[in-house]
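Beneath this line is the structure, given in structure tokens, with notes to follow.
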Amino acid sequence: MIASNLFGPQQTTRTIDGNGIVSYALVQDLEKYPEKITEKLIQWASQSPDYIFLAAKNKQGEWEKLSYREALSKVRSIAQYLMNQTFSPDESIVILSENSIEHGLLALAAMHIGIPYSPLSPAYSLIAHDFSKLQHCLKLMTPKIIFIQDPSKFHRAIQFIQTILPGVKIVSAHDLNVASTTKVTADVDHQYTQVDADTIAKVLFTSGSTGLPKGVINTQRMWCANLQQITQAFPFMKDEPPVFIDWLPWNHTFGGNHNFGLTLYHGGTLYIDEGRPTADGVLATINNLKSISPTAYFNVPKGFEMMIPYFEQDEELSNTFFSKVKMLFYAGASLAQPIWNAWEALAIKALGRKIPIVTGLGCTESGPSALFANRINCFSGLLGIPVAGMKVKLVANGDKMEASYQGPNITPGYWRNPEATNTAFDDEHYYQTGDAVKFNHPADPDQGLIFDGRITEDFKLTSGTWVNTGILKSKLIATGSPYIQDVVLTGLDREFIGAILFLNSMACKQLISDETLHEIEFWQHPSISQRLEKILEEFNDSATGGSTRIQKMIIAMEPPAFEFGEITDKGSINQNVVLKHRAHLVEKLYQINSSFNTVIF
């Protein structure tokens, strides 16, 4: 039986003015929240000093654990170390490396005394062919200290940094461990009292879908308010200290604000999962889950998909996982129905009942959470209702309704970018998301909103005809279910519409009996191409012209990647980034010699 306190109130209010502008909000008021995030660290260090806050695997493969008492002590010492460096008002801290205990301690120490910090995507340093995004972010942040967990992994980036910022101090995990023994003076406590709700906590860089990344300012108020909003949406979080095991990167608002923040807000434990939703990375995640029972589990759809075979084959793993978990939460893309069904079946086998599978909508600018589908019997695509204390405004933009947000969880703007800040907000200072939404049941606003695409994704063909990508994508995914998981449409200044397909590998495998195929051979199997051709034929049967007909499709053999920004901060496919990053697929779609094929490899 599902606990009655799992989800918060769902009664909403909706009004429509004479211009057709919709105002939409939750009836429940936002409750009191801390002025600054490290109030919670101080609270739990006093109330639950020996409870484990953070844990990470060491080189021996054992969990290294940090209690709340130890965390506060180290944070105060590192804060003193930072104050000894004499930061100017224009200087900050930048973190280049992955999630780690040291990363967490440095971030908390900086926020404790009001030094802005920014965790950058490691891909800017490790994967990028050039360092243009890294250079852009560093130029904006003007760091005095750059933290790198293991400098040997970042040697190329360090060499580059030393040429453009010769005076910057590179701090390693070893250096930080030494800093965590610094003798603390009264200056730390004094500086802590100077931090207030308007103090900048961190700067999170967005993916930069139409150019270089923008730094979203996260104030103390913004983060703390959003954690309280999340808590009111999922009140079970405060009943007992949560236990999370999570790989989602802290340079992204989902992992860094939502998951790390909820752990600290409720005095819980966060096990830092070194795994990833990749062929090798999922093995690390599975190994970790064999000994850890989370109270809620967060992942992206690809991660959930890759874990299913291991759970189906290992009853003990499944029983351990489901023994305490109250809900599964996905973001980053839509969750294909076969994946959804498989997790419900696993829960029924382990518990004798389903557990809720939920999602929402948000963005870096909203801290991240703006909407939650916090209800029983949710379905893929439902975004839900607003969080407490935040107002949603829906304004007509063409034939769509664009969502805008106003509330204490909304960013004041972009770091050192007044032009972007000015264009992001309307005359009433609502943040304009660019997300199109519509009501699940127009007559009942309590049933929440569903996603209707991105306002900026529509494009024109060479004929001058507009293509409504939201409608076409939804129709193609519905027609292609369960095989097509997501779609990026092509055709800007082209003669016809094409589609890059992200397929549900679990569903596609059911079409093929040969399990010995290599990955490329698998996707090129005739059974898959034949099924896709039938889907395209069915889709085009109702097409009324060039703007509603898809002529060719091509399979993306790799899922959309967080590290390249192919998944937006809003939890959907970033069409612009996919088109740029996979330009070779777009060109292949429009090659003359492929004109007789509807499905291209």
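Annotations for the structure displayed:
- When the convex hull of its Cα atoms is viewed from all sides, segment 343-406 shows a mean projected area of 5.8 nm².
- Global form of segment 189-256, assessed from the alpha-carbon gyration tensor, a/c cut-off 1.5: oblate
- One entry in [x] 0.99; [y] 0.96; [z] 1.13 is Rg/Rh (Cα atoms, Kirkwood Rh) calculated from the shown coordinates; its label is [y].
- Note on segment 223-294: Rg/Rh from C-alpha atoms, Kirkwood Rh, equals 1.01.
- Normalised contact order of the chain, rounded percent, pairs of Cα under 8 Å and 6 or more residues apart: 13 percent
- Volume per residue of the convex hull around the Cα atoms, evaluated for segment 250-332, comes out as 93 Å³.
- Against the rule of thumb 2.2 N^0.38 Å, how large the Cα Rg of segment 118-185 comes out: 1.18
- Mean-position separation - Cα centroids, segment 147-207 and segment 470-486, in angstrom: 45 Å
- Across segment 298-427, Cα-Cα pairs more than 18 Å apart make up 62 percent of the total.
- Straight-line cross-link reach from residue 214 at under 21 Å between alpha-carbon atoms covers these lysines, not counting any fewer than eight positions away in the same chain: 133, 139, 144, 202, 570, 580.
- Largest-first ordering by accessible area, 1.4 Å probe, given options 40, 133, 509: 509, 133, 40
- Mean Kyte hydropathy of 0.5 or more with a Cα span along the axis of at least 15 Å, helices from DSSP in the chain: 101-112, 469-480
- If only the Cβ of Lys and Arg carry +1 and only the Cβ of Asp and Glu carry -1, the dipole of the chain around its Cα centre is close to 320 debye.
- Translational diffusion of segment 49-151 was estimated from the Stokes-Einstein equation, with Rh taken as the Kirkwood radius over Cα pairs; at 37 °C and 0.692 mPa s the coefficient is 222 µm²/s.
- For residue 452, distant residues with modelled amide H under 5 Å away: 436, 437, 438
- When the solvent-accessible area of the chain is split by element, carbon and sulfur atoms take up 50 percent of it, the probe being 1.4 Å.
- Across segment 109-195, the mean sequence separation of Cα contacts (distance under 8 Å, 6 or more residues apart), normalised by length, yields a relative contact order of 36 percent.
- Projected onto its three principal axes, the C-alpha set of segment 414-554 covers 59, 41, 38 Å, listed from the longest axis down.
- For segment 309-370: Kirkwood Rh in Å [reciprocal of mean 1/r, alpha carbons]: 13.0 Å
- The alpha-carbon of residue 354 sits under 24 angstrom from the alpha-carbons of these lysines, leaving out residues fewer than 8 places away in its chain: 238, 290, 302, 324, 326.
- Percentage relative contact order, segment 329-435, counting C-alpha pairs under 8 Å, at least six apart: 18 percent
- Heavy atoms of residue 531: accessible area, 1.4 Å probe, square angstrom to 10: 80 Å²
- Helix-derived mean residue ellipticity, 222 nm - over the chain, DSSP H n ≥ 4, -39500 (n - 2.57), to 500: -9500 deg cm²/dmol
The values are calculated or read from the model by the stated rules, or taken from the named source; none is laboratory data. Being a predicted model, the structure only gives us computed values, none of them experimental. Here Cβ is always computed from backbone atoms with ideal geometry, including for glycine, and neighbour counts include all displayed protein chains. Ligands, DNA and RNA are excluded from the accessible area calculation, which covers all protein heavy atoms including side chains. Shrake-Rupley method; radii C 1.70, N 1.55, O 1.52, S 1.80 Å.
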